[in-house]
Amino acid sequence: MTDLQQFIQSKKEGILNIFFTAGYPHLDSTLVIARQLAAAGVELVEIGMPYSDPLADGATIQQSSEQALRNGMNLAILFEQVKQIKEETGLRIVLMGYLNQMLRMGEERFLQNCRDSGVDGLIIPDLPMEVYQSQYQELFGRYQQAISFLITPRTSVERIRLADRLSSGFVYLVADNSITGKITDDFSPRQEAYFKRIRDMQLTSPVLIGFGIRTARHFRAACRFAQGAIVGSEFIRQLSGGVDDEKIRRFVKNIGRKP
Amino acid sequence: MKNPDEQGFYGEYGGAFVPEMLYPNVAELQAKYLEILAQADFQQELQQLLHAYAGRPSPLYYSGYLSAKYGGKIYLKREDLNHTGAHKINNALGQILLAARMGKQEIIAETGAGQHGVATATAAALMGMPCKVFMGEVDMARQAPNVARMRMLGAEVVAATSGSRTLKDATNEAIRYWINNPEAYYLIGSVVGPHPYPDLVARLQAVISAELLEQVPAHSGRPLPDKVVACIGGGSNAAGAFYHYIEQPDVQLIAVEAGGKGIASGQSAATSQLGSIGIIHGSRTLLMQDADGQIIEPYSISAGLDYPGIGPMHAHLISSGRAQVYSINDDQALAAGVALSRHEGILPALESAHALAVLPELDIHPDDITVVCLSGRGDKDLQTYLDYLHIND
Ligand SMILES: Cc1ncc(COP(=O)(O)O)c(C=O)c1O
């Protein structure tokens, strides 16, 4: 079992995973935000490696990535920042990025950098499960990197089982047929039926729900069906005016509040 | 190789690197395209449309002017004479029939020069299907006549405002829309994107070289041309012009990329020379990227060639040495376009003008037969040509 899995299994429920883009709104915001999240009680974060062409992302994450790249963010700086975050906060860190970023650095070197800087796992939406299985599974293991695969409302039962088998972090349940950042107030009955269908499959991997989680209502609903949820675009929207620690603390408290 | 393996690879290039959200869409297309393309009634309907609606076969025209200037016998494959003015209609008609047989009811497409957008809007009008075309804001301005044509045909033109606001970004937006609307059929415009698109589009454009197989002997008395020349944005007109000659080693295949302001200028779209292997729009191929794998925004005066990748088939043809690649700069293309207009009375698209402009750089023997794929007509580029000639000053 990977550290990440152990952590999620030990928490069991109500896990809040906050996503933010490295280097946004300012190049050195990554560490500041991570510190504040840790201080607010968050234990698991997903850090976006800004990419020029993020196909699965909506306008909010796209714009944060563009800004981060303009700020001069790159992978060398990112790994340095992650290392510092890990040392200072002990947060569990998952990196989210696109396959080309890993390929360009060289898969092995990339994974080695992940391990050396304290990354616990990766989410790479455009890495197909079959390619991972035939080319990368062993390498991820060697560098102790947990992978988390996405499933969607349209993923077949067979592929859900495959995602469950191959994921060594969690299964990332994408809440809707959509890119990130879709704005709704509540999950639809159709979405809840889908969450329930997945819960009833009793996967061996923990499940976190993401995409479109932006309110305490979403978070609570997600936690009824899964071990926790991931909040991305809505958190990034909070940062657009600058990093404000009071705002971050309130946001985390508010999302996780009891009814 | 003309066709990829079962996973969609041409050697090390190709494949389908799509997020899980699109897996069912791509898998459905992979499972069905060859079967549907092979159906007799599909072929009959397509051939009928290509003939009676699009005006095929497109003529092969002997250019006395180009032959006298550059040597040998130079022919133009007149894709500019197709309905809607470019080779793009070959693909749009084929894919829309495929979409209809798959039960799809909404069509989406990306476009650069607007020719694929116009072809798709045309095919969608013909089939009575709603159609959205994604187009970079920069391209909407420089190819304004095609934006108007798409709207006239009833399509909705959606401005892509991210990144360089050109073809790459229009493709990103089309893919994002497809993730949000998985019931739509994505009618891709070139031999790019995840498997099976490169193969699907190549097969539909292969009609170009299928016709050449008969036209070249009929015109020249020789079975094969010595050289086939085509421009490459994503590479669909080139794929079509090369297709039936790929396994004929005596036929030289010449691919022409957009050099923009020069390969070393930092403003170029010469992908195979400036690029390295990576993933773009779901395909492993050659693309322009920095040391971190960030895709570099390309530049060309020609919206249809202003793309930072090339189709995986071409990446394979070029890196294996089967095709030779050249790059032509903006000013060379403009001059070649003006020359063809003034000496042959044919106004070529700026994309096609890149193919014409490579002729002086080739080693052409007096008895060579050269075919240049004149992929489209240049009405859409009039303003750019006139500005170049200072005719509006
Ligand atoms: C006339 C013409 N030629 C060529 C191209 C480039 O596309 P491809 O490389 O797919 O043939 C375009 C694209 O818009 C075009 O309009």
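A few remarks follow.
- Enumeration of residues in segment B:213-240 that are touching a helix residue (DSSP H, G or I) at 6+ places or on another chain (Cβ under 7 Å) and in a helix (DSSP H, G or I): B:Leu213, B:Ser236, B:Asn237, B:Ala238, B:Ala239, B:Gly240
- Given (1) open to solvent by less than 30 Å² (accessible area, probe 1.4 Å); (2) in contact with a Ser or Thr (Cβ under 6 Å, 6 or more places away or on another chain); (3) under 25 Å from A:Phe235 (Cβ atoms), number of the condition A:Lys83 does not satisfy: (1)
- Filtering segment A:134-147 for residues that are open to solvent by less than 10 Å² (accessible area, probe 1.4 Å), at the interface with another protein chain (Cβ under 10 Å from one of its Cβ atoms) and within 25 Å of A:Gln62 (Cβ to Cβ) leaves an empty set.
- The residues listed here are B:Arg322, B:Arg377; of these, the one that is within 14 Å of the ligand (Cβ to nearest atom), of a type in the set (D, E, K, R) and either open to solvent by 30 Å² or more (accessible area, probe 1.4 Å) or in contact (Cβ under 8 Å) with a residue 40 or more places away in the chain (or both) is B:Arg377.
- Residue selected from segment B:237-286 under the condition within 15 Å of the ligand (Cβ to nearest atom), more than 14 Å from chain A (Cβ to nearest Cβ) and among the hydroxyl-bearing types (Ser, Thr, Tyr), by the criterion surrounded by the most Cβ atoms within 10 Å (Cβ to Cβ): B:Thr271
- Top-ranked residue of segment A:122-133 - restricted to ones that are under 13 Å from A:Ser168 (Cα atoms) and part of a helix (DSSP H, G or I), ranked as farthest from the other protein chains (Cβ to nearest Cβ): A:Gln133
- Boolean, B:Ile346 is open to solvent by less than 20 Å² (accessible area, probe 1.4 Å) and farther than 24 Å from B:Ile89 by Cα: no
- Test: residue in segment A:19-34 that is assigned to a helix (DSSP H, G or I), within 30 Å of B:Ile280 (Cα to Cα) and at pLDDT 95 or above: yes
- Hey, A:Tyr98 within 14 Å of chain B (Cβ to nearest Cβ), of a type in the set (Phe, Trp, Tyr), within 15 Å of the chain's Cα centre (by Cα) and under 18 Å from B:Gly14 (Cα atoms) or not: yes
- Test: residue in segment B:62-84 that is in contact with a His (Cβ under 9 Å, 6 or more places away or on another chain), part of a strand (DSSP E or B), open to solvent by 30 Å² or more (accessible area, probe 1.4 Å) and at pLDDT 95 or above: yes
- If you filter segment B:3-54 down to residues that are in contact with a Lys or Arg (Cβ under 9 Å, 6 or more places away or on another chain) and in a loop (DSSP other than H, G, I, E, B), you find that the one that is most open to solvent (accessible area, probe 1.4 Å) is B:Glu12.
The values are calculated or read from the model by the stated rules, or taken from the named source; none is laboratory data. Computed from a prediction, not measured in an experiment: that's the story for all the values here. Positions of Cβ are backbone-derived with ideal geometry, glycine not excepted, and every protein chain shown enters the neighbour counts. Protein only, heavy atoms only, side chains kept; ligands, DNA and RNA dropped before computing areas. Shrake-Rupley method; radii C 1.70, N 1.55, O 1.52, S 1.80 Å.
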